[in-house]
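Step one of this worksheet: look at the structure below.
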Amino acid sequence: MGRFGALSVGFVIMLAIMGPPLFGAAAARIDLDAIGRSPSLMHWFGTDALGRDILLRVLVASRLSLLLSVAATVIGVVVGLGLGSARSLFGPIAGRIADAPIAISQAFPSLLLVLFFAAAFGVSTRGSVLAIGLAIAPFFARLAQTLTASVETMDYVAAARICGVGRFRVLTRHILPNVAEPLVLNIALTLGGVILSFAGLSFLGIGIQPPVYDWGALINDGLVEFYVNPMAAIGPGLVVCLAGVGFNFLGEALSRGKIAPGTFSARTAPHEQSLDDAHPLAIDTREAVLALRDLRVNYPGPGGAVTPVRGVSFAIEPGQAVGLIGESGSGKSQTALAIAQLIEAPARVTWETLEFDGTIVADMDEADRNRLLGTAMAMVFQNPMSSFNPARRLGLQIADGARRHQQLGRRAAVARAIERLGQVGIRDAEKRARDYPHQFSGGMRQRAMIAMGLMSAPRLIIADEPTTALDASTQIRVLDLLARVRAEQRTALLLISHDLAVVQRICDRLIVMYAGRIIEDLPVAMLPHGARHPYSRALLATVPTLDVDRGRPLATIDGWAPSPADSVPGCAFAPRCGHVLARCHAERPMLEMAAVDHRLACWNPQTETGALVDA
Ligand code: SF4
């Protein structure tokens, strides 16, 4: 299929190049002695009503047929990409506005659209090009929407945004290069259909007008004498089929051989309402790098709002390492994304207080906010492979933030990127900076991610499961690197993890989340004996130790956490709790100070010895 497609397309392109100069004059020559001849050795497809050789006219028509098809396809691709990328470029409202014409036009068969536009633009060559181009635009718009949506969720796009890279640059640098392959394959497929559409329009007499002619016009001419000389219509029809099928086969073969890879626009605002929680913070927020009070994240869902974060409050001091821990779905990653302003509309992110390095984030305009977050906050994502743009060299990606926020030139920014790569232990950093992400191992990519975060001496690093995808020894190296960076630069660290052992290794404080809320917050040093919430205790019990009895199954927590879509009246952990009281099902325990430096939300906390305290 691929070979046939490539040969056919190559043949048609060769005809388009060679046909007019070689046969143009002969094809135009009128021979009144040879009018309406049947196929012969002299005239393989016979002659037309003016004695012109039909085969030569077919060869000459190749160029115009192909050029017009390419022009219509280019129009369709450009208009389609523009509409399909409106959301990425201008935000969700523009995306919805652009979606309306796409959805409406997709409700009609494309042939009907072609005829409609052809009638609207008038019977002419230009009109038919525009008609076909606009008729295929909705297909490319939908394709662009789907492809960009799949890439937009990648961590490297989020990383570019947190660096303050503008929407247009994110689209052209980080999204389009990674959807180019399926786009090109679909262009090849579409081109075959466009050739057929042009032939169809000219055949109906509403395409190219005499004396200009393309394959469709020749079919139309040949139909008049079909019963005398069928080849007059079949001949150009065969070439149309060859070109159409050739482009389709080529596109199919390419798509089978190379499988397609696949705003801060969420409405964020301080609370307008008073709080139902007191939300005490364990530290003095005047010194905090990050002070967060009553953060909430809501997503609209078919059955009502889905609320993965339901009022989270904490603060982090300079140089402090805070571990945010909980099961999948507890809201820890959503909390981190909301702090980094990376949650997309239609989600709604609200807070009572969000201060970063003493600055109230809500008071800042978008440019200042991007600059602050791009220079003072670094984000290390879980999957280092998806955190980098696979189509760009690592050194350039790492240098991006410094070029944008510190106005460094390209050379200086790359030099700093190389220096940072060296600092995080990448050997031969100058050479490796020219590598692409796939040329780095998982651990090296994670270190490169940290190097990117260190480009501007950040005040806070948010690391979301930074070691989950790594083997044990690489995990330790990455954790030690984070600890070293924190110690050397007094950088605060918010470490999101489901692994208590990882948090215990490098954190000062531990915040335990369950069902979108903080249920316990205490210093890590207190953890072995001071954790009082039954869920924290249960998490502790699941951490295997070297002296664990290998003959017994590892401890687990029975049951499942409630869905973010569910609204539980009392304590969300009650169905799984071994210390539940009647009150737990009816009233939700508030997060309150249980002791100095210790916050707890439980009606029946456990004591240090494991015995229960009366609520
Ligand atoms: S409030 Fe009740 S159900 Fe919830 S963790 Fe505490 S004891 Fe268990």
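Structural remarks
- Strands (runs of 3 or more DSSP E) enclosed by segment 211-324 - at least 2 residues per element that are at pLDDT 70 or above, touching a Leu at 6+ places or on another chain (Cβ under 9 Å) and more than 30 Å from A158 (Cβ to Cβ): none
- Single residue of A100, A61 found to be touching a helix residue (DSSP H, G or I) at 6+ places or on another chain (Cβ under 9 Å), assigned to a helix (DSSP H, G or I) and small (G, A, S): A61
- Segment 572-599 residues that are within 8 Å of the ligand (Cβ to nearest atom), paired with ones that are in a strand (DSSP E or B) (beta carbon under 8 Å, 6 or more apart): A572/Y514; A572/R517; F573/Y514; F573/I519; H579/Q606; H579/L612
- Search result, residues across segment 377-410 that are over 26 Å from T474 (Cα atoms) and touching a Lys or Arg at 6+ places or on another chain (Cβ under 9 Å): D400, A402, R403, R404, H405, Q406, L408, G409, R410
- Residue tally, condition over 15 Å from the mean Cα position of the chain (by Cα) and crowded, with 21+ Cβ neighbours inside 10 Å, over segment 82-94: 1
- Test for P390: is it surrounded by fewer than 17 Cβ atoms within 10 Å (Cβ to Cβ) and modelled with pLDDT under 85: yes
- For A594, the test of being in contact with a strand residue (DSSP E or B) (Cβ under 8 Å, 6 or more places away or on another chain) and either modelled with pLDDT of 90 or more or not in a loop (DSSP other than H, G, I, E, B) (or both) is passed.
- T545 out of contact with any strand residue (DSSP E or B) (no Cβ under 7 Å at 6 or more places or on another chain), under 23 Å from G331 (Cα atoms) and more than 10 Å from the ligand (Cβ to nearest atom): no
- Test result for L115, closer than 30 Å to P210 by Cβ and modelled with pLDDT under 85: yes
- Residue, farthest from the chain's Cα centre (by Cα), within segment 562-571, restricted to residues that are more than 8 Å from the ligand (Cβ to nearest atom) and of a type outside the set (G, A, S): P569
- Test: G122 is buried (at least 20 other Cβ atoms within 10 Å of the Cβ) and of a type outside the set (D, E, K, R): no
- Close Cβ contacts (under 6 Å, 6 or more residues apart or on different chains) running from residues in segment 333-346 that are under 14 Å from V309 (Cα atoms) to residues that are at pLDDT 80 or above and charged (D, E, K, R) comprise S333/D464; A336/D464.
- For A615, the requirement of being modelled with pLDDT of 90 or more, within 10 Å of the ligand (Cβ to nearest atom) and part of a loop (DSSP other than H, G, I, E, B) is not met.
- Any hit, segment 518-528, residues being within 16 Å of the ligand (Cβ to nearest atom), within 33 Å of the chain's Cα centre (by Cα) and in a loop (DSSP other than H, G, I, E, B): no
- Here the condition is being of a type in the set (G, A, S) and surrounded by fewer than 22 Cβ atoms within 10 Å (Cβ to Cβ); of G205, G192, G222, it holds for G205 alone.
- Failed item in (1) buried (at least 18 other Cβ atoms within 10 Å of the Cβ); (2) outside any loop (DSSP other than H, G, I, E, B); (3) in contact with a strand residue (DSSP E or B) (Cβ under 9 Å, 6 or more places away or on another chain), with P458 passing the rest: (2)
- Considering segment 600-612, and only residues there that are among the small types (G, A, S) and more than 11 Å from the ligand (Cβ to nearest atom), the residue that is modelled with the lowest pLDDT turns out to be A611.
- Any hit, segment 470-490, residues being part of a loop (DSSP other than H, G, I, E, B) and at pLDDT below 80: yes
- Flag for G559 being on the phi > 0 side of the Ramachandran plot and within 16 Å of the ligand (Cβ to nearest atom): yes
- Given (1) surrounded by fewer than 20 Cβ atoms within 10 Å (Cβ to Cβ); (2) within 43 Å of the chain's Cα centre (by Cα), index of the condition A199 fails: (1)
The values are calculated or read from the model by the stated rules, or taken from the named source; none is laboratory data. All values derive from a computational prediction rather than experimental measurement. Virtual Cβ from ideal backbone geometry, glycine too; neighbours counted across all protein chains shown.
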